[in-house]
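What follows draws every value from the coordinates through simple rules; no lab data is involved. Note that the structure is a prediction, hence the values are computed from the model and not measured. Using ideal geometry, Cβ is built from the backbone for each residue, glycine included, and neighbour counts are taken over all protein chains shown.
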Amino acid sequence: MRLKTFVWLCLLPLTLVVLAFFVLPMVRLMLVGGSGPQGLAAYATILTEPRYRATLINTVVLAAATTIVSLVVATIAGLFLQRTRFPGRSVLVAMLTFPLAFPGVVVGFMIILLAGRQGLIGDLTLRVFGDKLVFAYTIQGLFLGYLYFSIPRVILTIMAAVEKLDPSLEEAARALGAGPWAVHRDVILPALGPAFVASGAIAFATAMGAFGTAFTLATNIDVLPMLIYTEFTLSANIAIAAALSVGLGLVAWAVLALARSFGGGSVAAAG
Amino acid sequence: MMRDRLIFAGQLLFTLLVAAFLIVPAALSMLAGVTANYFRGISSGFTLQWIVQVWDLYADTIGRSFLIAGATLVVTLFIGIPAAYALHVRGGRMARAIEEIITLPLAIPGLAIALALLLTYNGFSDFRRSWLFILAGHVVFTLPFMVRSVMAIFSAIDVKTLDESASSLGASPLRRFLDVIVPNARPGILAGSLMVVTLSLGEFNLTWMLHTPLTKTLPVGLADSYASMRLEVASAYTLVFFVMIIPLLIAMQMFASWGEAGGARK
């Protein structure tokens, strides 16, 4: 057998599996999206139908807020963890990255334990203020859940980027008389730019499509994945559900592709 | 300097708070799973009754999750390693296009992929009802991790030279693949395998859409218990899940630090 034939044979099982269980289904999803009573107009309903549009805005705002807060939190913690050495540091890093492997549903449950009816926050506020604060099933609870799964991801990317920073640039800035704030503002943060774009895009795309966490917490909140789910299972509105999920998939993919064109290879490494 | 020390303390406190936000609820859930009455606190005593109850109610989901994770691993090994080799050897625009397509499931939300699979295979009711349907979803979702992890090793170890020297000794492509390529790719295969098993055990977004009442997996059961069981049972079930994935996570971390040590030696 010649090498060329062998290489083709090596690719064959993967090609068949990916065609059968990914490419063809995605094509079918796109076709179904345009096959309802409204035809291709179903793809526009996300913008024209007020209820869907409100859900889309809700989801985008939530995902953007998650991204910004995760970036700020992860930059402070990531810079600190990568720049300083102290006993217990590696344990702290392990703690911050441990939730990476939690499924969305488990993240939802973590928020229930923090902010649910028997949650820690409710317990503490009852003791201190005599009033029980319960918000697991509100948009604030969902936001906390989204932070829970995106902070570890962003911290990892930021730490990797801080490690690669060129220390001589900071030394030069300091030698030229820049104070610590000026060094951060003019040297460190701009140098972390690509990492911000890359990890921000991952956080945004993940938050847009998060289903498990929303499934546990967003019983009364409209976010896009829950809308798709209820349209599909409860309303049997299959064409609309397909069109909405094609839209969601396109947005997530486009955000990541855009970030990759900005940030070079860093997204691929983190993705 | 006083100011430096204040800044250090502030940053440390902030980082500790973030870590607490992530770890405290996980610790609470482990505790609640073995507490007789969580509402009354640990003074109500420790018990294994909730774990026993989880076992009675959900043992089948635990077994099925292991079955699906194992099968996903076998399939991704079988199709992922040869494909990674082919993509590396062939290179060029087509290889990059294929790599791009197989990594799309990382960007597209699981819900969309699950809907696509449901719409395509609804007519095949035997397949649709069996655990193999979930397996198909898990394979699509985990395959990129296996392929990329093995490809990363191939670019690190200079496969082409190895392959050519084996070829000059007269070995056939298949012999070379099995006796030279695969053994040399072992670290990438191991890293990819840990990733695939961990992701499959925890997969929810696809599985929730693809499962039937007879093919529930552990994360599906978890969602079920969060919605309908008392907090102690849900916590005990989560504890079982943690016990399953924590060894995998530790193995992954150890493996990553070996990799770094190996890289440093080079």
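Side notes on the structure shown:
- The stretch B:57-265: C-alpha gyration tensor shape, a/c 1.5 cut-off, then a/b vs b/c: prolate
- Each peptide in B:213-220, A:232-239, A:94-101 was scored by the mean count of other Cβ atoms within 10 Å over its residues; highest first, the order is B:213-220, A:94-101, A:232-239.
- Across peptide B:83-89, the average count of Cβ atoms from other chains found within 10 Å of a residue's Cβ is 5.
- Interatomic Cα distance distribution for chain A, bins of 5 angstrom, percent: 1, 5, 10, 12, 13, 14, 13, 10, 8, 6, 4, 2, 1, 0, 0, 0
- Distance between the stretch B:103-122 and the stretch A:49-104 - C-alpha centres, whole angstrom: 25 Å
- Packing around the peptides A:46-56, A:214-224, taken as the average count of other Cβ atoms within 10 Å per residue, puts them in this order, highest first: A:214-224, A:46-56.
- Cβ-Cβ FRET estimate between residue B:40 and residue A:133, R0 fixed at 25 Å, reported to 0.05: 0.75
- FRET efficiency, residue B:255 to residue A:48 (Cβ-Cβ, R0 35 Å, nearest 0.05): 0.10
- Per residue of A:24-31, other chain Cβ atoms within 10 Å of the residue Cβ number 6 on average.
- With Cα atoms, 0 to 90° folded angle of helix B:110-121 axis to chain B main axis: 70 degrees
- C-alpha center-to-center spacing [the stretch A:136-161, the stretch B:12-68] in angstrom: 21 Å
- For B:5-12, mean number of other protein chain Cβ atoms within 10 Å: 3
- Think of it as helices only: each DSSP H run of n ≥ 4 in chain B is worth -39500 (n - 2.57), and spread over all residues that comes to -27500 deg cm²/dmol at 222 nm.
- The modelled label-to-label distance for the pair residue A:61/residue B:164, using points 7 Å beyond Cα in the direction of Cβ, is 6.1 nm.
- Translational diffusion of the protein assembly as shown, µm² s⁻¹ [Kirkwood Rh, Cα pairs; Stokes-Einstein; 20 °C; 1.002 mPa s]: 86 µm²/s
- Spin-label model, residue B:30/residue A:40: points 7 Å from Cα along the beta carbon direction are separated by 5.6 nm.
- Separation in nanometres of the label points that stand 7 Å from Cα toward Cβ, at residue A:262 and residue A:172: 2.5 nm
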